[in-house]
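Here is the structure we will look at.
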Amino acid sequence: MQVVIGRIGRAHGIRGELNVDIRTDEPERRFAAGSSVICGDRTLTVAKSRHHSGRLVVSFKEIADRTAAEGLHGKILEAEIDPVETPDDPDEFYDHQLVGLEARSGDAVVGTVTGIVHGPYQDTLTIEIDGREVFVPFVTALIPEVSVSGGYVTINEIEGLLDPDKAERADG
């Protein structure tokens, strides 16, 4: 199974280094020297990685110069993992572990998790409720409990979060 671990940004310097937008909670593990990553239809091997000005800069053995690096701009990087593997931190989850979980508010099942949107500052769960797509920020204040083994996430319902028709409106 493949999981997204990053997106290639701009080339860095003339030696084929690339800025990588991290999309994993385990960058030290996924971008360690010798690690393999999948980039489209090819596999790349991490030669080295380092942080520079708040960004991850990665060089791959297969990318020798800036021209080759520029050709990868915008590509998604993925890692191959065992489907039963879990992140080291018990409060972290792979997308495939969350998709399909029941969404509960109190004791009631209100919907199903259908996806995860990875934003720059936080992730957001996509939940299908009565044929509608609802986005709930994946933060402890709103999603206090995730039970992969139990098959559910618990949502702290606030007015208008799951039903936009009940939201307060500024225009009355």
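The values are calculated or read from the model by the stated rules, or taken from the named source; none is laboratory data. Bear in mind the structure is a predicted one, so any value in this text is a computation, not a measurement. Backbone-built Cβ (ideal geometry, glycine too); neighbour counts: all protein chains shown. These area figures cover heavy atoms from the full protein model, side chains too; ligands, DNA and RNA do not enter into them. Shrake-Rupley method; radii C 1.70, N 1.55, O 1.52, S 1.80 Å.
Quick notes
- On the basis of the beta-carbon distance and an R0 of 30 Å, residue 64 and residue 21 show a calculated FRET efficiency of 0.85.
- The heavy atoms of residue 23 offer some 90 square angstrom of accessible surface to a 1.4 angstrom probe.
- Solvent-accessible area per residue for the stretch 121-166 (1.4 angstrom probe, square angstrom): 60 Å²
- Among the trypsin sites (Lys or Arg not before Pro) within the stretch 91-172, those in coil by DSSP and having at most 16 neighbouring Cβ atoms inside 10 Å are 169.
- Bridges between two residues of the chain, per DSSP, are antiparallel at a rate of about 95%.
- The distance linking the stretch 25-65 with the stretch 103-163 is 32 Å (Cα centroid to Cα centroid, whole angstrom).
- Under the criterion of Cα pairs below 8 Å and six or more residues apart, the relative contact order for the chain equals 17 percent.
- Residue-normalised accessible area of the stretch 1-97, given per residue in Å² at a 1.4 Å probe: 56 Å²
- Whole-percent P(r), the chain, all Cα pairs, 10 Å bins from 0: 9, 33, 26, 19, 11, 2, 0.
- Global form of the stretch 70-115, assessed from the alpha-carbon gyration tensor, a/c cut-off 1.5: prolate
- Calculated log₁₀ intensity ratio I(q)/I(0) where the Debye formula runs over C-alpha points of the stretch 44-104, q = 0.12, 0.18, 0.23, 0.30 Å⁻¹: -0.51, -0.89, -1.07, -1.30
- Rolling a 1.4 Å probe over the protein heavy atoms of the stretch 20-172, with every protein chain left in place, gives an accessible area that is 47 percent carbon and sulfur.
- Restriction of the GluC sites (Glu not before Pro) in the stretch 67-133 to DSSP coil positions whose beta-carbon has at most 14 other beta-carbons within 10 angstrom yields 85, 92.
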